[in-house]
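Step one of this worksheet: look at the structure below.
Here, each number is a calculation from the coordinates, and none is a lab measurement. Just so we're clear, the structure is a prediction, and the values are computed from it rather than from any experiment. A quick note on method: Cβ atoms are made from the backbone with ideal geometry, for glycine too, and the neighbour counts reach across all protein chains shown.
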Amino acid sequence: MEFQSFNVEKENKIATVSINRAEKANSLDVEAWHEMKQVFETLAEDKEVRVIILRGEGKHFCAGMDLASLMTIPNNGSEKCQAKQRLKIRKFIKDIQDCISAIEACKKPVIAAIQKACVGGGINIVTACDMRYCTDDTFFSIKEVDLGIVADIGVLQRLPTIINPGYVAELAYTGRNFNGQEAKRLGLVTDSFSEYQDMMTHVIGVAKDIASKSPLVTRGIKEMLLYKRDHSVADAMNYISTWNAGLLLSEDLNIAMMAYMQKTAPVFED
């Protein structure tokens, strides 16, 4: 898989997706945002991939949107009709939203491995991931407030389902930086590590563990967690009963049960 702004490597059922714009602190221009969508849509259908690690090449994870991209927002007066001009702006915003939502919509668990800058668009990206780990020297920020923008590509919608909404409000109103240890205390990340390599070792270990599980089951877990986020307990319970009525009697169930009884490690087909 060859892309302009991303490197994708696959090994042992794990795909490692690296943002490859280190010279720009891994900030993303419009083309890179759309390429990210293509990456995750492609991996979603790759039967050999069971879990995805998302990281940044070089010093930083992601410094958000390349500011030059903001200049492409259709507000240059090319449309005489104000309504048509505003529809173009809305389409631009929706397009970038869809690029981030492709991570959430991907059928595979996605683990974010975060270091140094994770600001603006970067924190929007990681809130769409299933799990997040970082280094202590990571600095997060909902930076849009300092650019005169209401954050509009997902963080204000997803982050309140991850951490206390009161904390979200403070971070969004102030735009202040917070580090890896604070992100752990808030619950944004599962753990924060003093060294980058220690974080990657742990993340790879988690990915290997997930990759050893039934791909039907991990897909179902992701679907159920996302469904519950947006629905009542009763609705979610009803949905899982329907899901398992359709998929419980799988070959993966037979493999798992046999391995459990024989005290061996199960091996699932892609």
Legend entry - Residue (of Ser250, Phe178, Met36) at the positive-pole extreme of the chain, dipole from beta-carbon charges: Phe178
Inset, instruction - Rounded to the nearest 10 degrees, what's the angle between the helix 30-44 long axis and the longest principal axis of the chain, both from Cα atoms, 0 to 90? - result: 10 degrees
Inset, instruction - Please give the net charge around Gly56, taking every other residue with its beta carbon less than 9 angstrom from that of Gly56, where Lys and Arg add +1 and Asp and Glu add -1. - result: +3
Inset, instruction - Using DSSP, restrict attention to beta bridges with both residues in the range 1-103 and report what percent are antiparallel, rounded to the nearest 5. - result: 50 percent
Inset, instruction - Quick one: which residues, 5 or more positions from Ala117 or on another chain, have an amide H under 5 Å from its amide H? H modelled 1.01 Å from N in the peptide plane, none for Pro or chain starts. - result: Phe61, Cys62, Phe139
Legend entry - Helix-derived mean residue ellipticity, 222 nm - over the chain, DSSP H n ≥ 4, -39500 (n - 2.57), to 500: -15000 deg cm²/dmol
Inset, instruction - Count neighbours as other Cβ atoms within 10 Å of each site's Cβ, and list the GluC sites (Glu not before Pro) in the range 168-270 that are DSSP loop with at most 13 such neighbours. - result: Glu195, Glu269
Legend entry - Alpha carbon Rg of the range 185-260, scaled by the compact-globule rule 2.2 N^0.38 Å: 1.44
Legend entry - Set of lysines near Lys24 by C-alpha distance (under 28 Å), chain-local residues within fewer than 8 positions excluded: Lys10, Lys37, Lys59, Lys88, Lys91, Lys94, Lys116, Lys143, Lys184
Inset, instruction - Can you check what the net charge comes to around Ala236, using other residues whose Cβ is under 13 Å from the Cβ of Ala236 (Lys, Arg +1; Asp, Glu -1)? - result: -1
Inset, instruction - Once you have a ≥ b ≥ c as the square roots of the Cα gyration tensor eigenvalues for the range 112-164, tell me rounded if a/c is under 1.5, and otherwise prolate or oblate according to whether a/b is larger than b/c. - result: oblate
Inset, instruction - Could you state the angle between the C-alpha long axis of helix 215-230 and the longest principal axis of the C-alpha atoms of the chain, as a value from 0 to 90 degrees rounded to the nearest 10? - result: 50 degrees
Legend entry - Summed side-chain charge close to Ile163 - residues other than Ile163 whose Cβ falls under 13 Å, Lys, Arg +1, Asp, Glu -1: +2
Legend entry - the chain: angle of helix 251-262 to the longest principal axis, Cα-based, in degrees nearest 10: 60 degrees
